[in-house]
Amino acid sequence: MKSIMLVFGTRPEAIKMAPLVKALQKENDKFRTLVCVTGQHREMLDQVLQLFEITPDFDLNIMHKGQNLYDVTSKVLIGMGEVLKAEKPDIVLVHGDTTTSMAAALASFYEQIPVGHIEAGLRTNDIYSPWPEEINRQITGRISTYNFAPTQFGRNNLIKENVPENKIIVTGNTVIDALYYVVDKIKSDSTLSNELQTKILGMGYDMSRLSDGKRRMVLITGHRRENFGDGFRNICNALAFLSDKYQDVDFVYPMHLNPNVRGPINELFADNKRNNLFFIEPLDYFEFVLMMENSYIVLTDSGGVQEEAPGLGKPVLVMRDTTERPEAVEAGTVKLVGTDYNAIVEQMSLLLDSKDAYNTMSKAVNPYGDGKACERIVNYLANL
């Protein structure tokens with residue numbers, strides 16, 4: 001029986017690793033599954049663990065107020081060293097591009113334990129953009145024995161770096177597995193669905209507005225540093241125009257806690273009297289998935305949402321000038337609009353006015369997979 005240890009520490013990692021934890025635990029005749037969390041994020045990580053009903057075997061609990069990269073790297077490295085020496089797993093699985101993943105991979109290397117990298121092969125090839133994520137994933141990739149790339153693009157990047165082709169497995173992205181898991185759970189549990197709608201109502205939006213099928217809802221997320229300042233003002237001005245133009249459409253923006261996001265919103269919409277424009281409090285993952293499932297279009301600058309929303313057949317307009325996820329642009333599931341007022345208004349209007357334009361994006365095949373990434377990873381590990 002193989003001993004597999006999954007290590008993660010942030011909310012996005014937890015969401016993408018949770019379905020893999022579940023898939024490995026189901027095969028308890030083949031694997032001894034161990035979960036180690038670092039607590040690089042604390043509250044947000046714990047929310048995901050609770051939602052997916054995962055109890056870690058080890059918790060390094062490293063987070064403290066004002067922590068920096070030196071703190072995170074050193075604490076994960078030392079903490080993982082102790083855990084790995086005690087448990088000696090056969091394989092350590094890490095995810096993506098966090099400092100947790102990089103330090104855990106390095107600790108595994110020091111113990112000569114093979115590393116499997118989930119979501120391998122993403123590259124911008126600029127080590128300072130995004131920082132420190134790009135160098136984190138490059139270091140992790142250099143250490144990893146097994147490379148689970150979400151798409152062919154990731155595979156091609158790894159081949160260019162001379163990674164052996166037989167050590168690269170194209171799986172799809174586990175975030176789609178997580179998404180389908182949550183959607184199925186909500187659809188099969190009316191009590192849960194009602195609880196989530198009540199929580200969303202408490203955050204500031206009444207989903208019953210959509211119940212007659214006549215209203216549509218645009219879901220908006222925005223939090224990236226490069227959009228702070230004039231970018232967010234352009235976004236807000238576009239939302240003001242669109243909400244006035246389309247009175248039968250609800251525009252819902254769960255606001256990030258960052259004051260650079262809230263500042264322009266509070267400034268420009270201090271006297272907001274529009275009854276179809278809602279700035280609400282941040283949502284947990286299950287709540288956000290329910291909103292995404294019930295949306296018509298998603299307007300975002302998030303990387304993960306570019307992968308998730310197309311899995312639900314939702315067109316995505318991306319408020320960025322570039323993306324490290326070119327597969328989605330090529331597939332036609334997303335369009336880049338940047339933070340240009342005219343581009344946002346023009347493309348949103350096109351999707352709201354033209355059923356043909358909407359269907360072209362809505363029915364495009366999501367390049368990030370079919371929700372079976374974890375199954376492919378588990379099958380590969382079982383046959384090692």
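All of the numbers you see were taken from the coordinates with simple rules; none came from a lab. This one's a predicted model, so the numbers in the text were calculated from it and none came from an experiment. Using ideal geometry, Cβ is built from the backbone for each residue, glycine included, and neighbour counts are taken over all protein chains shown.
If you run the Gaussian network model on the chain, springs between alpha carbon atoms under 10 Å, then out of Val318, Val115, Val83 the most flexible one is Val83.
Calculate the length of the line joining the C-alpha centroid of the stretch 104-174 to that of the stretch 38-95, in whole Å. Each part's Cα centre sits 20 Å from the other's. Think of the stretch 190-362 as a dipole: +1 on every Lys or Arg Cβ, -1 on every Asp or Glu Cβ, centred on the Cα centre; then among Pro282, Gly213, Tyr253, Gly213 lies furthest on the positive end. In straight-distance terms, cross-link reach from Lys65 covers every one of the aspartates and glutamates whose alpha-carbon lies under 18 Å from its own, apart from those fewer than eight places away in the same chain; here that gives Glu43, Asp46. GNM remark for the chain: springs join alpha carbons under 10 Å apart, and the peak mean-square fluctuation among Gly116, Gly81, Gly202 falls on Gly202.
Taking the Cα centre of the stretch 190-362 as origin and assigning +1 to Lys and Arg Cβ atoms and -1 to Asp and Glu Cβ atoms, the resulting dipole is close to 320 debye.
Amide H to amide H, with H built 1.01 Å from N, Leu283 comes under 5 Å of no residue 5 or more places away or on another chain. Backbone amide hydrogens, once placed in the peptide plane, bring Gly172 within less than 5 Å of Thr151, excluding anything fewer than 5 places away on its chain. With 28 Å as the limit, the listed pairs Lys187/Lys372; Lys30/Lys160; Lys26/Lys88; Lys16/Lys363; Lys22/Lys187; Lys26/Lys363 have Lys30/Lys160; Lys26/Lys363 beyond it between alpha carbons.
The local environment of Leu350, defined by Cβ-Cβ distances under 12 Å, has a net charge of -1 under the rule Lys, Arg +1 and Asp, Glu -1.
Taking the helices alone, the chain has a mean residue ellipticity at 222 nm of -15000 deg cm²/dmol, built from -39,500 (n - 2.57) per DSSP H run of at least 4 residues and averaged over all its residues.
Note: relative contact order over the chain, using C-alpha pairs below 8 Å and six or more positions apart, is 14 percent.
When the chain is treated as a GNM, springs tying every alpha-carbon pair under 10 Å, which of Asn234, Asn147, Asn194 comes out with the largest mean-square fluctuation? Judging by the Gaussian network model, the answer is Asn194.
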